[in-house]
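J.: Take this structure, written in structure tokens, and hold onto it; I'll ask about it next.
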2 protein chains.
Amino acid sequence: MIGLKEKYLAMVQEDLDGIEQELESNLNPYLDLVRETASHLLFSGGKRFRPLLMVLCARLCGYQGNRDWLFSTAFEYIHAATLLHDDLVDGADLRRGKPVAHSIFGAPTTVLVGDFLLARALSIGAKTGRMQVIEALSEVTEQMSQGEILQLLRKGRLEMTEEEYLDVILRKTAVLIQAACRVGAIIADGKAAEESALSSYGLNIGFAFQMADDLLDYTSDTQILGKGIGADLKEGKLTLPLIHALKMADGKDRRDMKRIVQNRNFSEAEFRKLVELMNRYGGLAYTREKAASHIETAKNALDRFAPSDAKDILRFVADYAMARKM
Amino acid sequence: MIGLKEKYLAMVQEDLDGIEQELESNLNPYLDLVRETASHLLFSGGKRFRPLLMVLCARLCGYQGNRDWLFSTAFEYIHAATLLHDDLVDGADLRRGKPVAHSIFGAPTTVLVGDFLLARALSIGAKTGRMQVIEALSEVTEQMSQGEILQLLRKGRLEMTEEEYLDVILRKTAVLIQAACRVGAIIADGKAAEESALSSYGLNIGFAFQMADDLLDYTSDTQILGKGIGADLKEGKLTLPLIHALKMADGKDRRDMKRIVQNRNFSEAEFRKLVELMNRYGGLAYTREKAASHIETAKNALDRFAPSDAKDILRFVADYAMARKM
């Protein structure tokens, strides 16, 4: 996988550089503090996954212009805005291994810089000259803010179902990735069927991506994760690995799991015990299978496109969404 | 003035009812909590000043469609979003005489419902089918978030100049009112000169409106104001009446004023003393003159339009912006 990763990374390096350049030059704040606060998050090792997907999907649909890197920044700006607000709302400490923005710049500035980035994303969207792009961006923002509220409402609730979990990750993660892929087709004047295929690709990548991320909370270590191990659980966020294991377990094992989950200050030994039980009741395997199934669906959505570098890369991205940190 | 107010209120009653109806029916949340939080502020006696201006300006430019009430909600949604975030950021207690949203629904939900309302405004803007409207809405949001940051940065700074004050109120208040008026012209396919005239009208109304509001902090009582008397000052916000008085005063009077301003827990007697000094050094009169001058400029901008009810009402609104609570 590593060799492959390097091969594909080399293929997208020019795009990544172009996107990076546009992220810098289009931030366009009036105040230095806005640049400083936004940059703290924006230039802290984000993978530019969403803008890159937009650019690749545009290319797959034959985009001929030279403003794809520019347009793609809208997705990174929205992503950054929601991370700023979500970290604040969740009371998170670390993001990508660094202290979160609100711990440095304060909650007020962080709220307002998030607003600025949202607005900036729409300003960039307007440059596409296509109202469908604006509709997509504003719709996604409506969904994401509500997804985060939904997650807040369900925090600490042990009865959370798989359906409710899917509802949250649809809104919080999948719709933005879906929109990035779909907008790629839109700016390239792709056919309706192409737009719909890339929409499905993005949606399924989004689901797989979030599930892989949720697995990491139980399988990774702090260094790779860039935040504390079991961080989601400490915030009271129940994700699919645990939801499924809780559903399958019974008797003492189920009671043990619940007890550990309910005690937000669980010890490392308790956490290891929890992961062992989650493994025993198939929570981790089930989540891997679900993610793998979304990845298959995503890759199948690419079938209608003729072979190209962009298609190869998008197929690799699908596999990598799952394998990236495991 | 009261008789006049009732006359003009009757003339816009149908518009106000129409706007109210659209505000209710286009909020369109997925979650009840979003409706509840947004409604707490949205339906708490707001005057619908911004949407009404958009509707009147569209009419002045000959708008023939039937979606002006719908489109105008974008301005109230943005306004509400910024109030939710600003009250949180400022640590305000009361808004329109009611506890602020974050004291009831909590800061996390308030941040996210603000985001939702911003996105909703852009979704409504997209319905106009005009990218200029999107550009105006996103540009205004960029400005407003930065205006609030600017205000935060200058909080408690006694050296604030009139120029810095104007910079803050331009961004925090005037640009949104300006955009509402300008968008009225845009959706009506108004001529460039009409759009520019209404842009000037809105900008100057915005300045006058904020100056009148800042005067109220020193001349009104809690019941009329809907928040505590001297509330701006307690939050460390220096506004024009005080900035000008501080500039004109010297010696002991200036020291007395500074002492009271620096002590955020000033007594009622101290506050009365401060207002007396502000009066003595012309801070209140100067602010009234400045506001009156903006109102004249606003009314002059209407000269190019033929006589109509809409024009009469817009002229009255200009006078009323100044007189409304004094």
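J.: With 15 Å as the cut-off, how large is the P(r) tail for the range B:235-326, expressed as percent of Cα-Cα pairs?
T.: More than 15 Å apart: 66 percent of the Cα pairs in the range B:235-326.
J.: What are the nm distances, shortest first, from residue A:264 to its equivalents in the other copies, labels at 7 Å along Cα→Cβ?
T.: Result, one decimal in nm: 2.7.
J.: Follow-up question, since we're still on this one. Using alpha carbons only, how many degrees (0 to 90, rounded to 10) separate the axis of helix B:192-219 from the longest principal axis of chain B?
T.: 40
J.: Are there trypsin sites (Lys or Arg not before Pro) in the range A:8-90 that DSSP puts in a loop and that have at most 13 other Cβ atoms within 10 Å, and which ones?
T.: Within the range A:8-90, the qualifying trypsin sites (Lys or Arg not before Pro) (loop, at most 13 other Cβ atoms within 10 Å) are A:47.
J.: May I pose another question? Report the Cα centroid-to-centroid distance between the range A:127-190 and the range B:2-22 in angstrom, as an integer.
T.: After rounding, the separation between the Cα centres reads 38 Å.
J.: Cα-Cα pairs above 21 Å in the range A:176-283: how many percent?
T.: For the range A:176-283, the share of Cα pairs beyond 21 Å comes to 47 percent.
J.: When only Cα pairs under 8 Å and 6 or more residues apart are kept, what is the percent relative contact order across chain A?
T.: 19
J.: What does the average come to when, for each residue of peptide A:105-113, you count the partner chain Cβ atoms lying within 10 Å of its Cβ?
T.: For peptide A:105-113, the averaged partner shielding equals 6.
J.: How far is residue A:97 from the same spot in each other copy, in nm, shortest first, if each label point sits 7 Å from Cα toward Cβ?
T.: Copy-to-copy label distances for residue A:97: 5.7 nm.
J.: Diagonalise the Cα gyration tensor of the protein assembly as shown and give the resulting equivalent ellipsoid semi-axes, square root of 5 times each eigenvalue, largest first, whole Å.
T.: Semi-axes (√(5λ), whole Å): 47, 30, 22.
J.: Right, another one. Mean projection of the alpha-carbon convex hull of the range B:94-165 over all orientations, in nm²?
T.: 7.0
J.: Continuing with this model, one more query. May I ask for the net charge around residue B:68, where only other residues with Cβ less than 11 Å from the Cβ of residue B:68 are counted and Lys, Arg are +1 while Asp, Glu are -1?
T.: The answer is 0.
J.: Can you give the mean number of other chain Cβ atoms that lie within 10 Å of the Cβ atoms in peptide B:307-319?
T.: Details: counts 0, 0, 0, 0, 0, 0, 0, 0, 0, 0, 0, 0, 0.
Per residue, the number of nearby Cβ atoms from other chains is 0 on average.
J.: Hey, got the average number of other protein chain Cβ atoms within 10 angstrom for residues in B:147-156?
T.: That average works out to 4.
J.: Place the label 7 angstrom along Cα→C-beta at residue A:7 and in each other copy, then list the distances from the first to the rest in nm, shortest first.
T.: Once sorted, the set of distances for residue A:7 reads 8.2 nm.
J.: Oh, and also: Among A:313, A:186, which comes first, then next, by fewest other beta-carbon atoms within 10 Å? Can you show the working numbers first?
T.: Working: A:313 22, A:186 25.
Going from least to most buried by this count: A:313, A:186.
J.: Shape of the range A:233-278 from its Cα gyration tensor (a ≥ b ≥ c, root eigenvalues): rounded if a/c is under 1.5, otherwise prolate when a/b > b/c, or oblate? Please report the intermediate quantities before stating the final value.
T.: Details: a/c = 1.67, a/b = 1.23, b/c = 1.35.
Verdict is oblate for the range A:233-278.
J.: Return the lysines within reach of residue A:237: Cα separation strictly under 25 angstrom, same-chain partners fewer than 8 residues apart disregarded; answer none if there are no such residues.
T.: Cα-Cα hits under 25 Å: A:47, A:98, A:155, A:172, A:227, A:247, A:252, A:258, A:273, A:290, A:325.
J.: A further question follows. Which whole-number value in Å³ per residue fits the convex hull of the alpha carbons of chain A?
T.: Looking at chain A, the number lands at 124 Å³ per residue.
J.: Determine by what factor the alpha-carbon radius of gyration of the range B:1-114 differs from 2.2 N^0.38 Å, reporting the quotient.
T.: In units of the globular-protein estimate, the range B:1-114 measures up at 1.16.
J.: Now a separate question. Relative to the longest principal axis of the C-alpha atoms of chain A, give the angle of the C-alpha long axis of helix A:2-25, reported between 0 and 90° and rounded to the nearest 10°.
T.: 60
J.: Moving on to the next point. Please list, by residue number, every one of the trypsin sites (Lys or Arg not before Pro) in the range B:265-326 that is coil in DSSP and has at most 15 other beta-carbon atoms within 10 Å. Working shown, then result.
T.: Working: sites: B:272, B:273, B:280, B:288, B:290, B:299, B:304, B:311, B:315, B:324, B:325; in loops: B:304, B:324, B:325.
Counting only loop positions with at most 15 other Cβ atoms within 10 Å, the trypsin sites (Lys or Arg not before Pro) in the range B:265-326 are B:304, B:325.
J.: Another question about this same structure. Ranked highest first by average number of other Cβ atoms within 10 Å, how do B:167-173, B:11-17, B:77-83, B:40-46 line up? Don't skip to the answer; put the middle values down first.
T.: Details: B:167-173: 20.7, B:11-17: 14.7, B:77-83: 25.4, B:40-46: 17.0.
Highest-to-lowest ranking by the protection proxy: B:77-83, B:167-173, B:40-46, B:11-17.
Every number in this text was worked out from the coordinates using simple rules, so none of it is lab data. Keep in mind that what you see is a predicted model, and the values were worked out from it rather than measured. No Cβ is skipped: glycine too gets one built from the backbone with ideal geometry, and neighbour counts run over all protein chains shown.
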